[in-house]
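Engineer: One structure coming up, written as structure tokens, with questions to follow.
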Amino acid sequence: MKNIDEKEKKLIETLQKLRKINIQDNKEIDEVAVLKNQKNQLEIEKKQITTSLQSLEEENLKLRSQINELKKDYETSKRKENQFNEKIDELSQETDNLLEEIDKWQM
């Protein structure tokens, strides 16, 4: 953003210089040509930077979306893992109960 602002400021300054120039001799004509070239170059650079910024913003949104999906997947996986652990605990408890019953019958 800083570059865009700086380049926009330079462009405005260049345009102000162009407005102030009274074209009377070749030197001033050459200065105008240089200023026009600078203006054109700054406009091209501004367009490139704006395009790059837009692309980066789109990529940022895409990556944020992917992160959110991964978080959801992780939460789902964690929830399933907890359910699985609960089932294991239940089965373990049932096994212990059955073993106790077997021990009672064997006595």
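The values are calculated or read from the model by the stated rules, or taken from the named source; none is laboratory data. Since the structure is predicted, the reported quantities are computational estimates derived from the model, not experimental observations. Ideal geometry is used to build each Cβ from the backbone, glycine not excepted, and the neighbour counts take in all protein chains shown.
Engineer: Whether any residue in the range 33-49 is among the β-branched types (Val, Ile, Thr) and in contact (Cβ under 8 Å) with a residue 40 or more places away in the chain is what I want to check. Give the derivation first.
Structural biologist: Of the residues in the range 33-49, the ones among the β-branched types (Val, Ile, Thr) are 34, 44, 49.
Filter once more, keeping what is in contact (Cβ under 8 Å) with a residue 40 or more places away in the chain: 49.
Within the range 33-49, one or more residues are among the β-branched types (Val, Ile, Thr) and in contact (Cβ under 8 Å) with a residue 40 or more places away in the chain.
Engineer: Only one residue in Leu11, Leu18, Leu91 is within 36 Å of the chain's Cα centre (by Cα) and not polar (S, T, N, Q). Which one? Lay out the reasoning, then the answer.
Structural biologist: Values: Leu18 fails: within 36 Å of the chain's Cα centre (by Cα); Leu91 fails: within 36 Å of the chain's Cα centre (by Cα).
Among Leu11, Leu18, Leu91, only Leu11 is within 36 Å of the chain's Cα centre (by Cα) and not polar (S, T, N, Q).
Engineer: Filtering the range 24-55 down to residues that are part of a helix (DSSP H, G or I) and exposed (fewer than 10 other Cβ atoms within 10 Å of the Cβ), which residue is modelled with the lowest pLDDT?
Structural biologist: Taking the range 24-55 first, the residues part of a helix (DSSP H, G or I) are 26-55.
Subsequent filtering for residues that are exposed (fewer than 10 other Cβ atoms within 10 Å of the Cβ) retains 26-27.
On the way: Asn26: 70, Lys27: 74.
Ranking the qualifying residues of the range 24-55, first place goes to Asn26.
Engineer: Then there is this: Suppose the filter is farther than 29 Å from Asn3 by Cα, without any contact (Cβ under 8 Å) to a residue 60 or more places away in the chain and of a type in the set (Gly, Ala, Ser); does Ser55 pass it?
Structural biologist: Values: farther than 29 Å from Asn3 by Cα: no; without any contact (Cβ under 8 Å) to a residue 60 or more places away in the chain: yes; of a type in the set (Gly, Ala, Ser): yes.
It is false that Ser55 is farther than 29 Å from Asn3 by Cα, without any contact (Cβ under 8 Å) to a residue 60 or more places away in the chain and of a type in the set (Gly, Ala, Ser).
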